[in-house]
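The values are calculated or read from the model by the stated rules, or taken from the named source; none is laboratory data. This structure is a prediction, so every number in the text was calculated from the model and none was measured. Using ideal geometry, Cβ is built from the backbone for each residue, glycine included, and neighbour counts are taken over all protein chains shown. The protein model used for the area step is the full one, side chains on, heavy atoms only, and it has no ligands, DNA or RNA in it. Shrake-Rupley method; radii C 1.70, N 1.55, O 1.52, S 1.80 Å.
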Amino acid sequence: MRPVSKGHKGKEYKSYQDAKRDLFEAIGSYCSYCEREINHLGAVEHVQPKSNHPDKECSWDNFLLGCVNCNSTKGDTEINDSNIDDYVWPDKNDTYHLISYDPVTLIPSAAGNLPDEIKTKVQNLIELVGLNKAQAKEGTLDYQRASDLRVERRKEVKVLADRYKQFYIKLDEEAKQDFLDPLQELVRSKGYWSIWMHTFEDIPEIREMLLDAIPGTNKAFF
């Protein structure tokens, strides 16, 4: 999960919907949780649900961006000042290094080298937005309705990232430089930034490119 830095807008919003473009500009048009590209299909996500906390409905500090699946799974689960630290959050914590992905299923879980207390907080967030939901099996109603494609899309991007990595390492140095901009555009169009970063993190020049690929990536953790 990409850690983000939203900055401080210093603006007052009459409606939380008015903050959407500012969020796109601050952290890119991607779900803050699953990292899929969302554009107009995303929503301003309230960390502390606006239904229970109307005083935070238009608060920039309470905003993230969410896709329909992460948003609907999280729903109105009660997050408040007393339990918010029971979770990790992409605008507060180093979620990239706290979360790992199963090499086969690409289901996320808490990284193995963490203290138990932190693992629990990471797992709480994963379960809160349903990132650990398995891919629907072919032939089932869920598969037919294609209502949750997060795992499928994550797998597609992983296959693509692996393919491009194998292609990249065979290029000569001049060709590698010419390859960086098109690869950056591909990352922007596909989303799932963490999958690209995990795949290419041993190649310094692509690692640096990825840190600049999407607005608001919190470079302080890298």
Subject >> Pair list, Cβ under 7 Å, 6 or more apart: the range 204-222 residue open to solvent by 60 Å² or more (accessible area, probe 1.4 Å), other residue among the hydroxyl-bearing types (Ser, Thr, Tyr) >> reply: Phe221/Tyr96
Subject >> Residue within the range 25-40 that is open to solvent by less than 10 Å² (accessible area, probe 1.4 Å) and part of a helix (DSSP H, G or I) present >> reply: yes
**OP:** Sort out which residues of the range 76-109 are of a type in the set (A, V, I, L, M, F, W, C) and either in a loop (DSSP other than H, G, I, E, B) or more than 15 Å from the chain's Cα centre (by Cα) (or both), and write them in order of number.
**Re:** Ile79, Ile84, Val88, Trp89, Val104, Leu106, Ile107
**OP:** Keeping to the range 128-170, report how many residues are acidic (Asp, Glu) and part of a helix (DSSP H, G or I).
**Re:** 4
Original post:
Under the condition of being basic (Lys, Arg) and either farther than 30 Å from Glu78 by Cβ or surrounded by 16 or more Cβ atoms within 10 Å (Cβ to Cβ) (or both), which residue from the range 118-145 is farthest from the chain's Cα centre (by Cα)?
Top reply: Lys137
**OP:** Name the one entry in Asp61, Asp148 that is open to solvent by 20 Å² or more (accessible area, probe 1.4 Å), under 25 Å from His8 (Cα atoms) and not basic (Lys, Arg).
**Re:** Asp61
**OP:** Mind counting the residues in the range 76-94 that are under 24 Å from Ser194 (Cβ atoms) and either touching a residue at least 24 places away in the same chain (Cβ under 8 Å) or of a type in the set (A, V, I, L, M, F, W, C) (or both)?
**Re:** 12
Subject >> Matching residues, the range 184-203, being basic (Lys, Arg) and either free of Cβ contacts under 8 Å to residues at least 60 places away in the same chain or farther than 13 Å from Lys155 by Cα (or both) >> reply: Arg188
Subject >> Residue check, Ala161 without any contact (Cβ under 8 Å) to a residue 60 or more places away in the chain, more than 30 Å from Asn83 (Cα to Cα) and crowded, with 19+ Cβ neighbours inside 10 Å >> reply: yes
